[in-house]
Amino acid sequence: MKGMTKLQANLCLLCVTMCWSTEVIIFACIPGSVPGFATTCITSAIGSAILIASFYKRIAEAIRKSGRKLILACLFLSILNGAYNTMYIYGLKDFDVSTGAFTISMTVVVLPVILLSLRRRVELHTWLSAGMVLIGITLSLIGKVHIGQMTGFLLVLGGCLTRAVYIVFVNRFAREHDPLAVSALMTGMVAITSFGMWYFVEPRTFAAIEWNKQIIASLFIYSYFIVAFAQTINFFAQRRATAASSTVIYSLEIVFSIIWGLVLPASIIDPVPLTLSTAIGALFVVAGSLIELVDFKALLKKGAVTNEG
Amino acid sequence: MKDKKISDVLLTFLLQVIVYLVVSIPFKVMEVIPGFTDIRPVTLLGPIYAVFFGPQGCLAFAAGNLITDIVSDSLRWSCIAGFIANFGGPYLIYLYWTRISKESFSLRTGKNILKHIAVVIITAVITSAIITPAVALVYPDVDAALFAVMVVLNTAAFPIVLGIPLIFLMQEELGFEPHK
């Protein structure tokens, strides 16, 4: 057991991003009458139960070893996670799928600022990358947002700032503790806190949902792939990657969202019209990712060596 | 001692079939061609069962597929071909990494990841070549070309996109050893 290589970690983060981008497809199978907090509560509870049942010995060992520190870390992450998800849920109501996805990509732009405020060093290519993504977002949003969406925009911006802090701390805690234990415990805590919010908006909770096979299946699918699978892989990959490179890979979610909107039938996902500004915006996001992920210095060096040879 | 080993193998087999069913059954609500084929992320388990559990894993994968067909009321004569293909596909991956490849299974390099992707795509084509004629023979109304493409996509895309990261996690972080 050697631990993932950088290449493997980056591919894992790409896979995680792709899984997250399919959220809209799974959500399409859940009726709008099911509150967002209900979905978060049930899927987190199932995801956490799966992880604890599969790795209870390892998780118990991690709790025994790190104790209060681990619990507090998970609690902190679950609060951040709940906060940014809630801001996204309410903020995104003001946007369509494409505009909303681009707006969420702002996380990559605010991350370097968060890193600086935490007195972390930010590399030049990270700033360049954030700049490219910002150009991409701006291009895609021109003419599509108006002043009436300001509340939604500010909520999403708040969500992005919180998410950036969350990513920085996931990156730190995944190195300090067992990522599997962090993933399982944090998910369990998210389930508990979102149950509280769910109870607040709908006191009848489970009894208020008109259960059918499709809702149950969708919730299980979400629990396996978005919660248990993607989140655990994300925590392990973050251990081997930097917060900046992780965030940049996450920003590729917009590219996946555009692809799903183009190739999947309208019965599964709302079609996303591919305009010129959307396409150029997505290209800038991809370019920004490449700047962060590809080691151009090493490539140039290699090229120079080859030319000399 | 031998009895214990057999019971361990049986327990592992049972667990693998249960995992298969737990993942596959919810996806029966997302059918693309009703009654025949659907979006099947469960196929990501094929190479994983093959690489980490060998022939017994391949059998569990095929059995899981057959039981899913039974419980979802999709049992047809073509399921015999489905059983053979769902055992054969993962078994070819197992054969490649244990008999043909000169190095033992590891996806730490880009070259090996590409090799694994190629093997998965080839086995997906073979799987489709086994299942499609059987379905076309029993149900002539089915668009065989579309069906074949769907099988290849299902059998290749999910093991590549989701299966490979899961293999990284199992082998590099959770300590699973490839089956020899």
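Identify which of A:156, A:145, A:182 has the largest mean-square fluctuation in a Gaussian network model of chain A, with springs joining Cα atoms closer than 10 Å.
A:145
If R0 is 25 Å, what FRET efficiency do you get for residue A:64 and residue A:172 from their C-beta distance, rounded to 0.05?
Numbers: r = 21 Å, r/R0 = 0.85.
Calculated value: 0.70.
Could you give the nm distance between label points at residue B:102 and residue A:120, where each point is 7 Å from its Cα heading toward the beta carbon?
Here the answer is 4.3 nm between the modelled labels.
Which residue, B:109, B:132, B:68, has the most motion in a Gaussian network model of chain B that connects Cα atoms within less than 10 Å?
Looking only at B:109, B:132, B:68, the largest GNM fluctuation is found for B:109.
For the stretch A:116-266, what is the accessible area per residue in Å², given a 1.4 Å probe and the full set of protein chains? It would help to have the intermediate numbers written out before the result.
Details: 6720 Å² over 151 residues.
Accessible area per residue, the stretch A:116-266: 45 Å².
Per residue, what volume in Å³ does the convex hull of the Cα atoms of the stretch B:2-173 enclose?
On the way: hull volume 20.8 nm³, N = 172.
Considering the Cα atoms of the stretch B:2-173, their hull volume per residue is 121 Å³.
For the stretch B:152-176 and the stretch A:1-20, what is the centre-to-centre distance using only Cα atoms, to the nearest Å?
Centre-to-centre distance over Cα atoms comes out at 11 Å.
Using a 1.4 Å probe on the protein heavy atoms only, what accessible surface does residue A:56 show? Give it in Å² to the nearest 10.
Ignoring ligands and nucleic acids, residue A:56 comes out at about 130 Å².
Sorted by accessible area (1.4 Å probe), largest first, how do A:206, A:102, A:220, B:53 line up?
On the way: A:206 95, A:102 0, A:220 75, B:53 45 Å².
Largest accessible area first, the list is A:206, A:220, B:53, A:102.
Among A:141, A:128, A:264, determine the one that fluctuates most according to a GNM of chain A built with springs between C-alpha atoms less than 10 Å apart.
Evaluated over chain A, the most mobile residue of the options is A:264.
With the Cα gyration tensor of the protein assembly as shown giving a ≥ b ≥ c as the square roots of its eigenvalues, does the rule (a/c under 1.5 for rounded; else a/b larger than b/c for prolate; else oblate) give rounded, prolate or oblate? Don't jump to the answer; show the numbers that get you there.
Working: a/c = 1.39, a/b = 1.29, b/c = 1.08.
Judged from the Cα gyration tensor, the protein assembly as shown comes out rounded (a/c under 1.5).
Roll a 1.4 angstrom probe over the protein heavy atoms and tell me the percent of accessible area of the protein assembly as shown that is carbon or sulfur.
Numbers: 16210 of 23200 Å².
Here carbon and sulfur together make up 70 percent of the probe-accessible area.
Roughly how large is the B-A contact in terms of buried accessible area, totalled over both chains, probe 1.4 Å, nearest 100 Å²? All intermediate terms of the calculation are to be shown ahead of the outcome.
Details: alone 9720 and 15820 Å², together 23200 Å².
Summed over both sides, the interface buries about 2300 Å².
Could you tell me which of the pairs A:2/A:57; B:28/B:180; A:93/A:144; A:2/B:180 are separated by over 23 angstrom between their Cα atoms in the structure shown? Mind dumping the intermediate values first?
Numbers: A:2/A:57 21 Å; B:28/B:180 34 Å; A:93/A:144 15 Å; A:2/B:180 19 Å.
Listed pairs above 23 Å: B:28/B:180.
With a 1.4 Å probe and every protein chain left in place, work out the accessible area per residue of the stretch B:1-142 in Å², rounded to a whole number. Could you put the intermediate results ahead of the total?
Details: 7060 Å² over 142 residues.
Accessible area per residue: 50 Å².
Over every pair of different alpha-carbon atoms in the stretch A:45-142, take the mean of 1/r and invert it; report that Kirkwood radius in Å.
Details: mean 1/r = 0.0597 Å⁻¹.
Computed over the stretch A:45-142, the radius equals 16.8 Å.
So how exposed is residue B:104, as accessible area in Å² (1.4 Å probe, rounded to 10)?
Here the accessible area works out near 80 Å².
Can you sort A:120, A:175, B:40, B:99 by solvent-accessible area, 1.4 Å probe, largest first?
From most exposed to least exposed: B:99, A:175, A:120, B:40.
Starting at the first residue of the stretch B:48-56, write each ³J(HN,Hα) from the Karplus equation 6.51 cos²θ - 1.76 cosθ + 1.60 with θ = phi - 60°, in whole Hz, x for Gly and Pro.
The phi angles translate into 5, 4, 5, 6, 8, 10, x, x, 5 Hz.
Would you calculate a helix-derived [θ] at 222 nm for the protein assembly as shown, using -39,500 (n - 2.57) for each DSSP H run of n ≥ 4 and dividing by the full residue count, to the nearest 500?
Numbers: 21 runs with 350 residues, N = 489.
After summing the helix terms and dividing by the residues of the protein assembly as shown, the value is -24000 deg cm²/dmol.
Across peptide A:12-21, what mean number of C-beta atoms from other chains lies inside 10 Å of a residue's C-beta?
Details: counts 7, 1, 2, 8, 1, 0, 3, 4, 0, 0.
Counting Cβ atoms of other protein chains within 10 Å of each residue's Cβ and averaging gives 3.
The values are calculated or read from the model by the stated rules, or taken from the named source; none is laboratory data. Keep in mind that this is a model prediction, so the values were computed, not measured. As a convention, Cβ positions derive from the backbone with ideal geometry for all residues, glycine included, and neighbour counts pool all protein chains shown. To get the accessible areas, we keep the full protein, side chains included, count just its heavy atoms, and leave off ligands, DNA and RNA. Shrake-Rupley method; radii C 1.70, N 1.55, O 1.52, S 1.80 Å.
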